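What follows is a set of notes on a single structure, which appears directly below.
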Amino acid sequence: MKMSSTVNAPHVTIDGEHLTLEDVHLVSREHAQVAISLEAYEKVKKSREIVQRFLDVGKPIYGVNTGFGALANIRISKEKLKELQKNIILSHSAGVGNYLPEDFVRAIILIRANALAKGLSGVRPIVVEKLIELLNKKITPAVPEIGSVGASGDLAPLSHIAMVLIGEGKIVRDGKAVLFNPSDYGFQPIHLEEKEGLSLINGTQFMAAHLALIVRDLEKLMKIATLVAASSVDVLLGTPAAFDERIQLARPHPGQIKIAQMLREFLDGSQIRESHKNCGKVQDAYTLRTIPQVYGAVLDIIQWVKEVVQREINSATDNPLIFEDEVISGGNFHGEPLALCADYLSIALTSMGNMIERRIDRLLNPKVNEGLPPFLAGGEEGLNSGYMIWQYTAAALCNENKVLSHPASADSIPTSAYQEDHVSMGANAVRKLRKIFENIVSLVSIEAMLVSVALDSRRPLRSSCKIEDFYGKINVRLSEDRYFGENFEKVKEVILKEVFS
């Protein structure tokens, strides 16, 4: 993806082929300006000319001069073809529930524009330009998050975006959903022509946008989570022996090798470790000893999902597709590849969260916390409960993750009078994944908060330079009972800043 920095913001040029997860982050969150490459513009233009050629000879084309879904066999008269495209947008805007966060909506728009820029959808170039204009003018459609079954495209959420293109629907302004007034933004609504309404809503962008942002963020979070796990090992007087490179090479999963390497680097030079080096303890509990095996497996899954999503955000996912001499109906709108990815990743993160919760308990539980204050409470014992209830919170988060990790893709409910008789349910899969990701951030934040207190109780001994540098940004100290929620929010803010950087 071509990208250049300016004084104000980076620029991202879409061409249907080279969009990256970092580009999605830059556009959706940093408001990078977007443009379409000249080569892609010409491909889109040529594709439209092919559609027009078929229309001129009266060839029946699904969704262009026929009805949709189960109504595909009904021919639409020539004078009503443009009305057909507007009607599909309005009637398919059937989403309900909370509105999506603005960054996810912007990611959807970008990925949809990039898919159309491949020149296989038969839309006019102005359709892609109008999507780009929404991004560059910071016009964010209000998109309800429930309504897609992830099969014939993410129809409902994409329709709510398309409504804004034609001057209708709602946008998010100052955190509230309000009716869109195009003149407030100098935006000229588009009048859709044949095929264009269908091309705007027949795609996997709701699912792809979620996975693109979450996977990008997870890559960053995994490093922080591993540092926090390493610091738990240190304050709990664990040994890094289990992270020895030779052990990992004997079972050479890439993620396991990488996580073990990070653990060794994070723990290198710890005074706490040196203080009990000859204690005689043979091995640690699994939540300390098997971090490479558990976190490594999660990391491998993240990398696999990243490859799938990278392909998806540069794919043509609508229907039918326009080729040089033929218009072909297929199934690229089906969300199964993304649904399975989201469900797999949800299960992996849930398991990782279970391990974090057990370390949280180990930091607090006086039976196993290696002499740390019971529940990390300061002051008079019994009078102060310390951080006891934060393990309850962690348990509640893990329980929610376990409920949410049930695979959405295991279900299929036929739609459109059995025409669409197998669906992926990928939209619900990514919605659940988003919540699980948020819960994992909270779990890592709780663990980090507790480790910060534990480090304070281990003074004057210090951990490694890398661990001490990280916790210097947090600096939560051992104290008598007070409201600890502000500490949690501070820790979470530090972690999210690292993730979104």
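The values are calculated or read from the model by the stated rules, or taken from the named source; none is laboratory data. Just so you know, these numbers come straight off a predicted model, no measurement behind them. Quick reminder, even Gly has a Cβ in these numbers, built from the backbone with ideal geometry, and neighbours come from all protein chains shown.
Remarks
- The listed residue being under 22 Å from Ile190 (Cα atoms), without any contact (Cβ under 8 Å) to a residue 12 or more places away in the chain, surrounded by 17 or more Cβ atoms within 10 Å (Cβ to Cβ) and assigned by TED's automatic domain parsing to the domain that holds Tyr185, out of Ile76, Ile111, Ile50, Ile89: Ile76
- Test: Ser270 is within 21 Å of Ser463 (Cα to Cα) and surrounded by 22 or more Cβ atoms within 10 Å (Cβ to Cβ): yes
So that you can scan it fast, the table gives a plain yes or no per residue for (1) of a type in the set (A, V, I, L, M); (2) under 26 Å from Ile132 (Cβ atoms); (3) at pLDDT 80 or above; (4) in contact with a helix residue (DSSP H, G or I) (Cβ under 7 Å, 6 or more places away or on another chain):
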residue	(1), (2), (3), (4)
Asp23	no, yes, yes, no
Tyr41	no, yes, yes, yes
Val44	yes, yes, yes, yes
Phe54	no, no, yes, no
Lys59	no, no, no, no
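- Of note, Asn428 does not satisfy the criterion of being assigned by TED's automatic domain parsing to the domain that holds Leu443, surrounded by fewer than 17 Cβ atoms within 10 Å (Cβ to Cβ) and part of a helix (DSSP H, G or I).
- Residues satisfying the stated conditions in the stretch 256-288, i.e. in a helix (DSSP H, G or I), within 35 Å of the chain's Cα centre (by Cα) and within 12 Å of Ser232 (Cβ to Cβ): Leu263, Phe266, Leu267, Thr287, Leu288
- Within the stretch 397-455, considering residues that are among the basic types (Lys, Arg) and touching a residue at least 40 places away in the same chain (Cβ under 8 Å), the one farthest from Glu336 (Cα to Cα): Lys402
- Extreme residue, farthest from Leu450 (Cα to Cα), among residues of the stretch 338-381 that are part of a helix (DSSP H, G or I) and of a type in the set (Val, Ile, Thr): Ile347
- Unmet criterion (only one of (1) crowded, with 16+ Cβ neighbours inside 10 Å; (2) over 26 Å from Gly255 (Cβ atoms)) for Met388: (1)
- Total residues in the stretch 382-397, condition in contact with a Leu (Cβ under 8 Å, 6 or more places away or on another chain) and either of a type in the set (A, V, I, L, M) or part of a helix (DSSP H, G or I) (or both): 5
Table: residues versus (1) exposed (fewer than 12 other Cβ atoms within 10 Å of the Cβ); (2) touching a residue at least 12 places away in the same chain (Cβ under 8 Å); (3) hydrophobic (A, V, I, L, M, F, W, C); (4) not in a helix (DSSP H, G or I).
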{"residue": "Lys466", "(1), (2), (3), (4)": "no, yes, no, no"}
{"residue": "Tyr471", "(1), (2), (3), (4)": "no, yes, no, no"}
{"residue": "Ile474", "(1), (2), (3), (4)": "no, yes, yes, yes"}
{"residue": "Leu478", "(1), (2), (3), (4)": "no, yes, yes, yes"}
{"residue": "Arg482", "(1), (2), (3), (4)": "yes, no, no, yes"}
{"residue": "Lys490", "(1), (2), (3), (4)": "no, yes, no, no"}
{"residue": "Val494", "(1), (2), (3), (4)": "no, yes, yes, no"}
{"residue": "Lys497", "(1), (2), (3), (4)": "yes, no, no, no"}
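- Scanning the stretch 157-195 for residues being modelled with pLDDT of 95 or more and acidic (Asp, Glu) gives a total of 2.
- Output for the stretch 222-267, where each listed residue is of a type in the set (Asp, Glu) and surrounded by fewer than 23 Cβ atoms within 10 Å (Cβ to Cβ): Asp244, Glu245, Glu265
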